[in-house]
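Below is one structure, written out as structure tokens, with a few remarks after it.
The values are calculated or read from the model by the stated rules, or taken from the named source; none is laboratory data. Here the structure is a predicted model, which is why all the values come from computation and not from measurement. No Cβ is skipped: glycine too gets one built from the backbone with ideal geometry, and neighbour counts run over all protein chains shown.
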Amino acid sequence: MKHILIALVLFTTSLQAQTIKQIHAGVLNVGYAESGPAGGKAVILLHGWPYDIHSYDSVSSILANKGYRVIVPYLRGYGTTTFLSPKTFRNGQQSALAMDMIAFMDALKIKSAIIGGFDWGARTADIMAALWPERVTALVSVSGYLIGSQQANAAPLKPKAELAWWYQFYFATERGQQGYAANTNEFNQLIWELASPKWQFDSATYRATAAAFNNPDHVAIVIHNYRWRLGLAQGEKQYDALEKELAAAPAISVPTVTLEGDANGAPHPDPAQYAAKFKGPYAHHTITGGIGHNLPQEAPVAFANAVIEADSFAK
């Protein structure tokens, strides 16, 4: 009976993730999954690279059953999120992704929400909390404070740390762009294996997410994101003021829970390095058991509990 119940939960969750809505928001037509009661407290969960909304399938189910309204959008360049105009620059810089989510909240008429994320999603959530704290009721951020700047990224790291960013340097080359375009699925599966070395995901799990990489702008967004970080690609002038604020590494005042997996194989800061950046009610948890970079999918109960804990800080 236990196995039947687990199967039913997974089946329900899978269907939930496949029911995609669309809404015009800013420069995008955003695709998103939604679960839970429409009148529940809003929780917006943001994925990273190379992942998608399936990272939150189980988290969404847990939180929806707790009465939260859970919304999981595809970032620009993923899944069914597309640009409204072919003339819009395919920009992957950090402030552009954050503005996407503010526009998304506006389109859904959500004044404030609990925001959670990992990888690109954590950086986006951090920026929203730092620059628009009135829109962020509480924050859950895997790997903590990830706001960066071109100026900070210009400083070279120790060789071992640079090695962990091998794909960033690959993407800086024309060969890298062509290679990623030609081998997107194989490349991203390798990233999954390196970033979560103890996660025994199966081929069906990977294929469910890999479909999101078929987005026509995926390669352009990924390549621009990493080139922009190194100052090898220009951003857009309308984001210059925001990037100036972010370059000062602003503190985050909203109630926050940060998480880290004990087997995260991707580059990430030590929790002690960023704890002081969170000035409001704050807690950090390192999740044990071989948990890697895709923490929401590998440890959904821990991530859902972090959302509930952050919410409790805000009350």
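Data for the structure
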read-out	value
Qualifying residue in the stretch 11-26 (condition: surrounded by 23 or more Cβ atoms within 10 Å (Cβ to Cβ), under 30 Å from residue 232 (Cβ atoms), at pLDDT 95 or above and touching a helix residue (DSSP H, G or I) at 6+ places or on another chain (Cβ under 7 Å))	no
Residue within the stretch 115-125 that is closer than 27 Å to residue 187 by Cα, free of Cβ contacts under 8 Å to residues at least 12 places away in the same chain, assigned to a loop (DSSP other than H, G, I, E, B) and charged (D, E, K, R) present	no
Some residue of the stretch 152-159 being part of a helix (DSSP H, G or I) and in contact (Cβ under 8 Å) with a residue 40 or more places away in the chain	yes
Unique residue being aliphatic (A, V, I, L, M) and within 15 Å of residue 226 (Cα to Cα) when the list is 84, 131, 97	97
Residue within the stretch 179-186 that is at pLDDT 95 or above, over 13 Å from residue 94 (Cα atoms) and crowded, with 18+ Cβ neighbours inside 10 Å present	yes
Among residues of the stretch 298-315, those that are surrounded by fewer than 24 Cβ atoms within 10 Å (Cβ to Cβ) and under 16 Å from residue 35 (Cβ atoms), counted	2
Any hit, the stretch 270-289, residues being of a type outside the set (A, V, I, L, M), part of a loop (DSSP other than H, G, I, E, B) and buried (at least 19 other Cβ atoms within 10 Å of the Cβ)	no
Sole residue being over 23 Å from residue 56 (Cα atoms) and either buried (at least 19 other Cβ atoms within 10 Å of the Cβ) or of a type outside the set (D, E, K, R) (or both), chosen from 120, 132	132
Counted residues, the stretch 256-270 - those being of a type outside the set (A, V, I, L, M) and more than 18 Å from residue 309 (Cα to Cα)	7
Tally, over the stretch 219-255, of residues that are touching a residue at least 60 places away in the same chain (Cβ under 8 Å), part of a helix (DSSP H, G or I) and polar (S, T, N, Q)	1
Complete set of residues in the stretch 83-119 that are among the basic types (Lys, Arg) and either within 16 Å of residue 45 (Cα to Cα) or at pLDDT below 95 (or both)	111
Checking residue 111 against (1) free of Cβ contacts under 8 Å to residues at least 40 places away in the same chain; (2) assigned to a loop (DSSP other than H, G, I, E, B); (3) out of contact with any Asp or Glu (no Cβ under 9 Å at 6 or more places or on another chain), the condition it does not meet	(3)
Residue count for the stretch 196-213, restricted to those that are among the basic types (Lys, Arg) and not in a helix (DSSP H, G or I)	1
